[in-house]
Amino acid sequence: MKARAFQKIYTHIENITKATCTVRADGVHNEEMALVAGRPAQVVKIDRDRITLQVFPGTQGIPTDAEVVFLGRPPVLTVSPDLKGRFFNAYGAPIDNGPAIEGEEREIGGPSVNPVRRKQPSELIATGIAGIDLNNTIVTGQKIPFFADPDQPFNQVMCNVALRARADVIILGGMGMSNDDYLYYRTMFENAGALDRIICFMNTTEDPPVERLLVPDMCLTAAEYFAVEHRAKVLVLLSDMTLYADALSIVSNRMDRIPSKDSMPGSLYSDLAKIYEKAAQFPDGGSITIIAVTTLSGGDITHAIPDNTGYITEGQLYLRRDTDIGKVIIDPFRSLSRLKQLVIGKKTREDHPQVMNACVRLYADAAAAKTKLENGFDLSDYDKRALEFAREYSRELLAIDINIDNDTMLDTAWRLFGKYFTRDEVAIKQELMERYWKE
Amino acid sequence: MSTKGTVVGIVANLVTIEVDGPVAQNEICYIDLHGTKLMAEVIKIAGTQVYAQVFESTRGLYTGCAVAFTGHMLEVTLGPGMLSKSYDGLQNDLYLMSGVFLNRGEYTAALDSSARWEFTPLVEVGDEVRAADWIGEVPEGWIRHKIMVPFDYPGIGRITSIAPKGTYRVTDRIAVVVDAEGNERELTMSMRWPVKVEIKGYASKLRPFKILETGVRAIDILNPMMEGGTGFIPGPFGCGKTVLQHAISKNAEADLIVLVACGERANEVVEIFVEFPELDDPRTGRKLIERTIIVCNTSNMPVAAREASVYTGMTIAEYYRMMGLKVLLLADSTSRWAQALREMSNRMEELPGPDAFPMDLTAIIANFYARAGFVQLNNGQSGSITFIGTVSPAGGNLKEPVTEATKKAARAFYALSQARADSKRYPAIDPIDSYSKYLEYQEVVDYFDATIEPGWVGKVMRLKDMLLRGKEARDQINILGDDSVPLEYHITYHKAEVIDFTLLQQDAFDAIDASTPIKRQQYMVNKVLDVCSRSFAFDNFEEVGAFFRRIINIFRQMNYQEFMSERFRQLEAQLETVMQEREGRGVPEG
């Protein structure tokens, strides 16, 4: 789409809904940007000369004779190395009082990576949190969300992960983030001296919800620029994808689309996949890793948003408050990292996969014992040992406040095995038993 | 003169086109956007207004874009050279696409037109031929790739010219056929075929009766899949659908695997790209990729091409079936295809069925599954397509429309259970909810009697009964408490656990355990049945648990050893000793 030399102004709006308006115009391109009474808008439907525009800040107060100007280009982001250390709004305009970015304009929401050109992710991201590194190892090029209730400390965990991950560039996309959380991230990044590798696109709760729809594409366009052109290891944090999906459903609703499950648009899967699949390991060494947050309502993962997300992402992480130890832990049962297979036991110590599984199995035995106890039954000796093990395992390995390296995690696990169980009960491959068993 | 048109409306990937001539339903057209041609398929016609789904992003399209219609439906090119290829849903060769990103409007050839093939004729001048008859063959990897009379050839023809043994390109003329009216037709080594039409030139479709070994014990033993059969794997995310499908694709006893990655994660496909060229195919001694064709339309690629991808995969499978080959078609996931249908139906503002899916979803799915099957060819040989699809039920709810529709169409059902996945019991195939209708077929029972051992299906049923009784015993124990149930309940429960841990659970990431040949499965089944039919003496329930945990541990170690190796034998002997120590009073089970 070429930018036009002069811009024709239309002043006759035929139709206005809360999020869209319709105007008659010629030569308009699909997905082109426009200004409606000075507000950013995008073409979402063309029917001969009737053009429907999605007005990002909403249509409150727009009169039928408002000026509509078509900009002749899809939404773009100006990319340059100067993006680093800067804070932007959903349109890619600075909100930190800094100068405008000079550089090349890139269309956002560009084409997908040819699957045969991708490299297999193989570099693990060490976070120091055993609930992640030991049980649900994350690798570069992966996409994984936290499934969390709004009251859980997911922002703190994400922030820790980001700062420990040794990424070249960290891009934070805020969608409906509270201003307090936004300031929390800013302060944390500042205190860690990491501001020079942070880029932030922020839509807070104070901003119009439909604007959020631009945030992931802005983040990922910047991410692709650094990962492909600068071969950088890019980490993208998206919080909160549930609010993004809510914005999708608002627009879909205004356009009279038939809703599918949970009032979400029928295209929700594809819409989310377009974002998450931007995570990739590129052939030249750059990578995009996405860590997102999908807030749940009352822990319900059958809702369309977490459900579709789960089918797209490579695993999910759950936080849970363990009342036995009084700390938040990464839930070992429901959490999963699908790509851990690529690195555990290969990039980490050989006993990693079996130790990890044995821990979770024994922890499950403890959970069963706990149910027994709650139902008023007597516990066997094995049950009691399992419960003791679970408590220590939870405190020393699952809690989110720990920060140790991978070998220490494995050694801790072996120490707990030896302390509470017999070899038969742990049931790990004989060779490994002989090498690592601690009486 | 082909029909032309102009774009008059655009919503996402649905465009409305005003046309100047005749148009067919499902006809392919190209939209011209400043010289870039975007492929689209007609999905609805209303007077001179035509609705088409575009297989690409529609960004930048405008009212007035020129459209050219092609006069044919979505087709694939069939011929030697498809093996080991990775195609997108429209059969573009992904390796030939330029650049790291997929540029829209770039289409690449499915077959290499410059490659030369060693052709050997199978017919002579004067021979009578029909559609799908073999007229020659070329070696394609390890397959004797048959060159066939085009499947659309009407009636009987006579060969008037056939190329002698030699090397030819796929587009070279290799034969001329003349029909009764004297019309000549030149044949090459390739042909085109519309993907939504089944390739039919076979004599008859038979009931499946032969097992298709997958190496996955939970399938082969309890709910076997047959050559030419259909099955599906529903399961919530995180239950290991894809890992299971990959395990099947690596170990299944098929001549050719067509893998359709339909709307799923790109990194999973990358895993295949990376692993299959490295892994050995135990059957041929070659690499796995040499018996694999990948059709890949990941979730971020255009949604209309996602729908096409399953048909493209099926058509390629049908083509090879006509050569008398045993083809296994795997599609992951058919739910994404159904969702693609839903998105289009939605944009066309059709009245929705359940969960906003189109009303004819059940019929579409049933028709697709019906294209699989075991067929007898005209020349007496047989070929088969075994089709296993995964389903990703929304919210893990097996009552949702896609699962329901698939259940009506597929004969084997491999239910993946969240509870099993949570306790890391992989593969998470639920032994009680899953079924294979084939176990009811008399021809299957006879086949197992002859090829494994007499009374095999009876043994399988005993295993199933014991698993069910184990589950019931566990429920009782959970309700009443360890102390309040008879000791037999504990024994019944733990015997079911032995079956579960030894036969059902399998380590897909262990070199030996990943795949179990049928002989070894038979051996282990008999071993486990032996344990389950013996009676052991215990004083209290704690002893029961401890004893069976030891048994299970030995069995697990056995599964990790080379079959019949010295270590395997040692463990077997150890198992016997442990059991004899405990043997005594008590009532035998089963």
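The values are calculated or read from the model by the stated rules, or taken from the named source; none is laboratory data. Quick caveat, the model's predicted, so the values are computed rather than measured. Cβ coordinates were reconstructed from backbone atoms using ideal geometry, including for glycine residues, and neighbour counts include every protein chain displayed.
Only residues that are touching a residue at least 60 places away in the same chain (Cβ under 8 Å) and under 28 Å from the mean Cα position of the chain (by Cα) were counted in segment A:383-395, giving 2.
Restricting to segment B:482-514, give me the number of residues that are over 23 Å from B:SER423 (Cβ atoms) and away from chain A (no Cβ under 13 Å). The qualifying residues number 3. Considering segment B:252-268 alone, what residues qualify as being surrounded by fewer than 23 Cβ atoms within 10 Å (Cβ to Cβ) and at pLDDT below 90? Correct list: B:GLU268 only.
The residue pairs whose first member lies in segment B:521-550 and is within 14 Å of chain A (Cβ to nearest Cβ), whose second member is aromatic (Phe, Trp, Tyr), and whose beta carbons are closer than 6 Å, counting only pairs six or more residues apart or on different chains, are B:VAL544/B:PHE538. Based on what the data block shows, is A:PHE87 in the same structural domain as A:ALA292 (by TED's automatic domain parsing) and buried (at least 22 other Cβ atoms within 10 Å of the Cβ)? No: the conditions fail for A:PHE87.
So in segment A:307-350, with the set limited to residues that are acidic (Asp, Glu) and surrounded by fewer than 23 Cβ atoms within 10 Å (Cβ to Cβ), which one is farthest from B:PHE509 (Cα to Cα)? Across segment A:307-350, the extreme among qualifying residues is A:ASP324. Based on what the data block shows, is B:ASN300 more than 29 Å from B:PRO431 (Cβ to Cβ) and in contact with a helix residue (DSSP H, G or I) (Cβ under 8 Å, 6 or more places away or on another chain)? Yes. Applying the criterion of being part of a loop (DSSP other than H, G, I, E, B) and crowded, with 24+ Cβ neighbours inside 10 Å to the residues of segment B:285-299, the residue that is farthest from the other protein chains (Cβ to nearest Cβ) is B:THR298.
To keep it simple, each residue is scored yes or no on (1) within 16 Å of the chain's Cα centre (by Cα); (2) of a type in the set (Asp, Glu); (3) surrounded by fewer than 23 Cβ atoms within 10 Å (Cβ to Cβ).
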residue	(1), (2), (3)
A:GLU104	no, yes, yes
A:VAL116	no, no, yes
A:LEU134	no, no, no
A:THR137	yes, no, no
A:PRO150	yes, no, yes
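Among residues of segment B:271-284 that are at the interface with chain A (Cβ under 10 Å from one of its Cβ atoms), those with a beta-carbon under 7 Å from a residue that is surrounded by 14 or more Cβ atoms within 10 Å (Cβ to Cβ) and not in a loop (DSSP other than H, G, I, E, B) at least six positions away or on a different chain give the pairs B:ILE272/B:LEU259; B:ILE272/B:ILE294; B:PHE273/A:VAL116; B:PHE273/B:SER86.
Is one or more of the residues making up segment B:431-447 in a loop (DSSP other than H, G, I, E, B), of a type outside the set (Gly, Ala, Ser), in contact with a strand residue (DSSP E or B) (Cβ under 7 Å, 6 or more places away or on another chain) and in the same structural domain as B:ALA338 (by TED's automatic domain parsing)? Taking every residue of segment B:431-447 in turn, none turns out to be in a loop (DSSP other than H, G, I, E, B), of a type outside the set (Gly, Ala, Ser), in contact with a strand residue (DSSP E or B) (Cβ under 7 Å, 6 or more places away or on another chain) and in the same structural domain as B:ALA338 (by TED's automatic domain parsing). If the condition is being more than 14 Å from chain A (Cβ to nearest Cβ) and free of Cβ contacts under 8 Å to residues at least 40 places away in the same chain, then segment B:324-363 contributes B:ASP360, B:ALA363.
Being outside any strand (DSSP E or B) and of a type outside the set (Asp, Glu) holds for only one residue in A:ALA41, A:ALA66, A:ALA34, and it is A:ALA66. Restricting the search to segment A:105-153, which residues are β-branched (Val, Ile, Thr), assigned to a strand (DSSP E or B) and modelled with pLDDT under 95? Matches in segment A:105-153: A:VAL113, A:ILE125. Contact map, segment A:244-270: first residue more than 9 Å from every other protein chain (Cβ to nearest Cβ) and in contact (Cβ under 8 Å) with a residue 60 or more places away in the chain, second residue among the β-branched types (Val, Ile, Thr) and assigned to a helix (DSSP H, G or I), Cβ cut-off under 7 Å, separation 6 or more or different chains; pairs are A:ALA245/A:ILE305; A:ALA247/A:VAL210; A:ILE250/A:VAL210; A:VAL251/A:VAL210.
Considering segment B:460-567, the qualifying helices (runs of 4 or more DSSP H), each wholly inside and each with 1 or more residues that are touching a Gly at 6+ places or on another chain (Cβ under 7 Å), run over B:487-499, B:518-533. Of the residues making up segment A:400-439, those that are β-branched (Val, Ile, Thr) and either under 23 Å from A:ASP322 (Cα atoms) or in contact with an Asp or Glu (Cβ under 6 Å, 6 or more places away or on another chain) (or both) number 5. Taking segment A:241-262 only, how many residues are over 14 Å from the mean Cα position of the chain (by Cα) and modelled with pLDDT of 90 or more? Final tally of qualifying residues: 4. Residues that are of a type in the set (S, T, N, Q) and touching a helix residue (DSSP H, G or I) at 6+ places or on another chain (Cβ under 8 Å) do occur in segment B:223-239, at least one of them.
None of A:ALA232, A:ALA280 is aliphatic (A, V, I, L, M), farther than 21 Å from A:MET177 by Cα and crowded, with 24+ Cβ neighbours inside 10 Å except A:ALA280.
Of the numbered criteria (1) in a loop (DSSP other than H, G, I, E, B); (2) among the polar types (S, T, N, Q); (3) surrounded by 23 or more Cβ atoms within 10 Å (Cβ to Cβ), the one B:THR386 fails is (1). Would you check if there is a residue in segment B:552-560 being in contact (Cβ under 8 Å) with a residue 60 or more places away in the chain and crowded, with 18+ Cβ neighbours inside 10 Å? Checking segment B:552-560: not a single residue is in contact (Cβ under 8 Å) with a residue 60 or more places away in the chain and crowded, with 18+ Cβ neighbours inside 10 Å. Restricting to segment B:94-132, what's the tally of residues that are assigned to a loop (DSSP other than H, G, I, E, B) and either closer than 30 Å to A:ARG118 by Cα or among the β-branched types (Val, Ile, Thr) (or both)? Matching residues across segment B:94-132 total 20.
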